[in-house]
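None of the figures in this text is laboratory data; all of them are computed from the coordinates on show. As the structure is a prediction and not an experimental result, all values here were calculated from the model. When we count neighbours, we look across all protein chains shown, and the Cβ atoms used for this are built from the backbone with ideal geometry, even at glycine.
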Amino acid sequence: MSNDLIYPIADVHDIKKRVDDLQFRSDDVKGRVGPTLKKLWNPERILRSVPESVDLNPLRSRFPQFEAVIDFFENSIVSFSKLGLPFEIQPILLQGDPGLGKTYFASELAKCINLPFFEISMTTTSASFSLSGSSIQWSEGATGFIAETLASSEVANPFILIDEIDKASSDSRYNPMNVFYGLLESHSAARYKDEALDLVIDASRIVWMATSNDLQHVPAPILSRMRVFLIEQPHPSMMSSVIKSIYDHIIMNKPYGKLLNPSMDDELIEHLSTYSPRAVKLAIEEAAFKAIRNQRTAIYSSDLPVLEKGKHRVGFI
């Protein structure tokens, strides 16, 4: 039996008032906020539960370096399932070197627990108003990412990844990090306000995860709001399952996968065991094209690109 609930993310009377007010605005303003208000006309969303029976073991096999994170999720899944309540969890930050698969893991985890996945790339988010909206008094004022995501989502608790949170702009006037001080606290997120919509939206149920390469560039107040996990390069003994998983994904999802053998030989797996997960993916993809060009279905160790000396954990040239 599902523990899903129907949950209003905004007050229907407030929405109606904003729509009524919009009648007296220019067509330009209507075009900027009208579509989002239309999506919110019925503010009820599913507050999705995650059943205790959900199997995260395949994820453990594919991402052994994230075992502690998976355990943390399972603890919440089991607890809220036994209580008959929808899923919720403390905001999480994955700290680790580039190339360890943090972003990919987050997207695959969201699939496993059946929550829609959205991503905020902080390397391209230059200002807070792209997240929180900007006043329609400005010629380019528009709805922000958070309100638009909740308006478009069928659930009140989507999974949102803040990718490379340590790369956020440091411009004190428009720092996008400022938005998260409120959003990562459930009591303030429950009364989140988009500047363009001028409407209170309940964003308190969002499942938050962030990635970082350098915690020194993440403000202490943000760190205090998140459960931080240190992600390290998988031990060579763990890399076999990681490599096989990456190869299987390429076989199943890349057009050229059907031209390759369904499995890799042990020598190739051993050769790749010192690569980072990202470097494994890039190396296999490059080697696959070389094998195909040479009329082979098997990838040989000689097909792999040469690693730069001392850079095994990061990548190759």
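Taking every DSSP helix (H) stretch of at least 4 residues in the chain, weighting each as -39,500 (n - 2.57) and dividing the sum by the residue count yields a mean residue ellipticity at 222 nm of -11500 deg cm²/dmol. Size descriptors for the range 40-181 (Cα atoms only): Rg and Dmax, in that order, 17.0, 52 Å.
For the chain, what is the relative contact order in percent, using Cα pairs closer than 8 Å and at least 6 residues apart in sequence? Provide the component values of the computation, followed by the final result.
Numbers: 550 pairs, mean separation 61.2, N = 317.
Once normalised by length, the contact order is 19 percent.
Counting only alpha carbon atoms, the long axis of helix 236-253 and the longest principal axis of the chain meet at about 70°.
For each pair in Lys16/Lys193; Lys111/Lys193; Lys167/Lys281; Lys102/Lys258, compute the distance between the two Cα atoms and list the pairs where it is over 19 Å. Beyond 19 Å: Lys111/Lys193; Lys167/Lys281; Lys102/Lys258. In whole percents, the pair-distance distribution calculated for the range 231-294 from its alpha-carbon pairs, binned every 10 Å from zero, is 21, 58, 19, 2. The chain gives an Rg/Rh value of 1.04, both radii derived from C-alpha positions and Rh following Kirkwood.
Where in the chain lies the longest segment free of trypsin sites (Lys or Arg not before Pro) that are both loop residues by DSSP (not H, G, I, E, B) and have at most 11 other Cβ atoms within 10 Å? Intermediate results must be reported in sequence, preceding the final value.
On the way: sites that count: Arg173, Lys309.
Here the longest run is 1-172.
DSSP beta bridges fully contained in the chain are about 25 percent antiparallel.
Helix 67-82 axis versus longest C-alpha principal axis of the chain: approximately 50°, rounded to the nearest ten.
Please give the charge dipole size of the chain, origin at the Cα centre, charges +1 on K and R Cβ atoms and -1 on D and E Cβ atoms. Round to the nearest 20 debye. Write out the running numbers ahead of the final one.
On the way: 33 positive and 40 negative charges, 74 e Å.
Roughly 360 debye, rounded to the nearest 20.
Below 14 angstrom from the Cβ of Ser61, what's the summed charge of the other residues (Lys, Arg +1; Asp, Glu -1)?
Around Ser61, the surrounding residues sum to -1.
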